[in-house]
């Protein structure tokens, strides 16, 4: 539901504010589903939100999906299905390839300009819709690409949540990168 209801207007606003939804680190939608601990998985569906996903387990920091669970997932136009397990969202392809992604707007991160922000340990990298890393660089945080550039930081950290649960990233060095991960001219603030 979350990912399927997005439109182009939503995508343009992603890189503008320097506030993060508290859900970057724990999704309220997923927590409400009761799957933030344990070995179970839930799948995000257009019709019913998060639903239990039989044949899927979270084991040793990795999703384990059987053929029936892969076949039952709702794949989007990019060939991705969203699964929640192990305290976070993951994109899964029909061939079983998977990627832990950041939680944004209480769901899995958006695919913007063909790239999604995925987890590489405690850092963020950028991946294509085949779930291959677009370039080797990882960052402490990074915004979605907008007009071919993304704002990223090194050494930043989550600040204190405000009254609405938004968390600003504070400190560190901010700069822009192009789609190859190279520093790009800074065109202002996010």
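Decide, for the range 81-190, between rounded, prolate and oblate: order the square roots of the alpha carbon gyration tensor eigenvalues as a ≥ b ≥ c, take rounded if a/c falls under 1.5, and otherwise choose prolate if a/b is larger than b/c, else oblate. Kindly include the intermediate steps, with their values, before the conclusion.
Details: a/c = 1.94, a/b = 1.19, b/c = 1.63.
Note, shape of the range 81-190 comes out oblate.
Could you put 160, 45, 173, 103 in order, starting from the residue whose Cβ has the fewest other Cβ atoms within 10 Å?
160, 173, 45, 103
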Order of 62, 166, 90 - criterion: other Cβ atoms within 10 Å of each residue's Cβ, fewest first: 62, 166, 90
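Taking the beta-carbon count within 10 Å as an exposure proxy, list 152, 120, 170 from fewest neighbours to most.
Values: 152 24, 120 17, 170 12.
Taking fewest neighbouring Cβ atoms as first place, the list is 170, 120, 152.
Every read-out reported here was derived from the displayed coordinates using simple, explicitly stated rules and does not represent laboratory data. Bear in mind the structure is a predicted one, so any value in this text is a computation, not a measurement. Neighbour counts are summed over all protein chains in view; Cβ atoms, including those assigned to glycine, are modelled from backbone coordinates with ideal geometry.
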